[in-house]
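Below is one structure, written out as structure tokens; the observations come after it.
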Amino acid sequence: MMTNSFKGGCLCGALRWEADRAPDYMGLCCCGDCRKASGSGFIPFMGFPASALTIMGPTRQYRCQAFRGGVSTRNSCPTCGGLVFGGEHGLSDSHTIYAGSLDDPSLFEPTMLLFDRERPAWVVPPEGLTRYPAMPE
């Protein structure tokens, strides 16, 4: 797999990202916030260190309380509203990239499912995922 093929962006292309390597992890999150943000039963996500990412374009940020009490920041395109990444660009050590923003969706290979306890019954996870009732320690 070519690591330089991990790139993507929003619906209109104004907010783009590129990674210089493969993500540290990939998974599905079924928490209530991710379900609301995605309009679906889960959000597919990938985790990258901030140093591996180049993020280009304007963002619109939404902040809410995170599971462990801190602040969770979601970044979307101010033009089309496409949800692209989590974290504070320029401040966070790592970022969650939403896999729906990938240019090549075949690169997404989840290995975990977070917040299985909140997963709607109609969400049927792929075989072989490590399932966590909430956020792993």
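Tabulated results
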{"read-out": "J(HN,Hα) series, the range 41-51, from Karplus relation 6.51 cos²θ - 1.76 cosθ + 1.60, nearest Hz, glycine and proline x", "value": "x, 6, 10, x, 9, 9, x, 10, x, 4, 5"}
{"read-out": "Debye, to nearest 20: dipole size of the range 1-114, +1 on Lys, Arg Cβ, -1 on Asp, Glu Cβ", "value": "420 debye"}
{"read-out": "Karplus-derived HN-Hα couplings along the range 21-32 (A = 6.51, B = -1.76, C = 1.60, θ = phi - 60°), whole Hz, x at Gly and Pro", "value": "6, 6, x, 6, 7, 9, x, 10, 10, 10, 5, x"}
{"read-out": "Loop chymotrypsin sites (Phe, Trp or Tyr not before Pro), the range 1-89 (other Cβ atoms within 10 Å of the site Cβ: 16 or fewer; DSSP)", "value": "PHE67"}
{"read-out": "Among CYS80, PHE6, LEU91 - extreme Cα towards positive end, dipole of the chain, charges at beta-carbon", "value": "CYS80"}
{"read-out": "The chain, relative contact order in percent, only Cα pairs under 8 angstrom and at least six apart counted", "value": "27 percent"}
{"read-out": "Of all DSSP beta bridges in the range 3-116, antiparallel share, percent nearest 5", "value": "90 percent"}
{"read-out": "Within a Gaussian network of the chain (alpha carbon springs, distance under 10 Å), most fluctuating of MET56, MET26, MET112", "value": "MET56"}
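The numbers here are math on the coordinates, done by the rules we state, and not lab data. Keep in mind that this is a model prediction, so the values were computed, not measured. Here the Cβ is made from the backbone with ideal geometry for all residues, glycine too, and neighbour counts use every protein chain on show.
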